[in-house]
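Below: the structure, in structure tokens.
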Amino acid sequence: MTQSPDEIEATLTDAINAMSAEHYHLSYERHASSIRIAVAQNVATNGRLFCALLAFANFSIGWHWGVAYAAVPVGFAWIADLTDRPWLKRGCAHSSVLTAAMLAVATLLKCW
């Protein structure tokens, strides 16, 4: 059975549209994934900068334990970056945020 030129053109147009839609979907997924990675890296960098500022604040008030404790959240973040296990990555990320928050409160109380 032969197809008319119009039927062939319609079949080709449908195939091209399907491939374009699939390409757009894959491109969008890659774009969304890269945005998530960029946001996560930005948060991690800002968290480490925050810990460095807390270390400087603790150093300026003479609380040397606070300076040493400022390395703990950075260590948790470093472990979270290096591990491949999802449960360890999630746990270290949460521990990093929690220890940074506790250090911030302790620094505030110590400076007060």
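Observations on the structure shown:
- Helices (runs of 4 or more DSSP H) wholly inside the range 54-112 containing at least 2 residues that are under 18 Å from the mean Cα position of the chain (by Cα) and of a type outside the set (Gly, Ala, Ser): 71-82, 86-111
- Of the numbered criteria (1) out of contact with any Lys or Arg (no Cβ under 8 Å at 6 or more places or on another chain); (2) open to solvent by less than 50 Å² (accessible area, probe 1.4 Å), the one Thr83 fails is (1).
- In the range 61-89, residue farthest from Ala101 (Cα to Cα) [restricted to those that are in contact with a Gly (Cβ under 9 Å, 6 or more places away or on another chain) and small (Gly, Ala, Ser)]: Ala80
For (1) open to solvent by 80 Å² or more (accessible area, probe 1.4 Å); (2) under 23 Å from Trp112 (Cα atoms); (3) modelled with pLDDT of 75 or more; (4) not acidic (Asp, Glu), each residue gets a yes or a no:
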position: Ala18; (1), (2), (3), (4): no, no, no, yes
position: His23; (1), (2), (3), (4): yes, no, no, yes
position: Ser34; (1), (2), (3), (4): no, no, no, yes
position: Gln41; (1), (2), (3), (4): yes, no, yes, yes
position: Leu49; (1), (2), (3), (4): yes, yes, yes, yes
position: Ala52; (1), (2), (3), (4): no, yes, yes, yes
position: Ala55; (1), (2), (3), (4): no, yes, yes, yes
position: Asn58; (1), (2), (3), (4): no, yes, yes, yes
position: Gly66; (1), (2), (3), (4): no, yes, yes, yes
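The values are calculated or read from the model by the stated rules, or taken from the named source; none is laboratory data. Not measured: the values here are computed from a predicted model. Note: ideal-geometry Cβ built from the backbone for every residue, glycine included; neighbour counts use all protein chains shown. To get the accessible areas, we keep the full protein, side chains included, count just its heavy atoms, and leave off ligands, DNA and RNA. Shrake-Rupley method; radii C 1.70, N 1.55, O 1.52, S 1.80 Å.
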